[in-house]
Each structure stands twice: as structure tokens, then as C-alpha cells.
1. Checking the structure you have, find out if any residue of the range 25-40 is assigned to a helix (DSSP H, G or I) and charged (D, E, K, R).
2. Against the condition modelled with pLDDT of 90 or more, in a loop (DSSP other than H, G, I, E, B), surrounded by fewer than 10 Cβ atoms within 10 Å (Cβ to Cβ) and of a type in the set (A, V, I, L, M, F, W, C), how does residue 12 come out, does it pass?
Amino acid sequence: MGSLVKSGRTEVTEKLRKEVNKVVQNYVNQGVAEVVPVAVAKMLADVGRATSRKQRAEEQRSDERRAAMQIQELYSQR
């Protein structure tokens, strides 16, 4: 399939579209892939991004608490 698309910009011709559809259908039939509507794919990407942001925020808060505890421990040892 890589040979179907040359480097640079290529117009998606009807012949190319049919060839790609055949390859995709073959993958679907083999159970290697599934066709997912673009809206669903975008929604899943957005959920993944939001989850990552939340995890990073939680990790940052945890790091801040750990640093505060270390500072408190240093002061209590004096």
C-alpha cells in the first residue's frame, strides 16, 4: 500500500480510494482493525487527553505535598 502514495501531495483518485478501501476491508475481515467513526475517535482522544491532564495534576499535588513534608521534617530536626 505504501507504493500507492508517492511522496509529496497526491490527489486521492477514485482508483486509489478503491485500493485503500480493499486493504482496509481486508484488515477488518481479518479482525486486525475496525472502522471507527471520526467523531468517536475524536471523543476518545479528548477523554485520553483530559485523563492525562488530571493524572499530571494529581502527581504534581503529590510532589508538592511530599516536598512540604520534607521541609517540615527539616525544620523539626533543628
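1. Step one: list which residues in the range 25-40 are assigned to a helix (DSSP H, G or I), which gives 25-30, 38-40.
The next check asks that each one be charged (D, E, K, R); those that pass are none.
No.
2. It is false that residue 12 is modelled with pLDDT of 90 or more, in a loop (DSSP other than H, G, I, E, B), surrounded by fewer than 10 Cβ atoms within 10 Å (Cβ to Cβ) and of a type in the set (A, V, I, L, M, F, W, C).
The values are calculated or read from the model by the stated rules, or taken from the named source; none is laboratory data. Small disclaimer: the values here were computed from a predicted structure and weren't measured. Quick reminder, even Gly has a Cβ in these numbers, built from the backbone with ideal geometry, and neighbours come from all protein chains shown.
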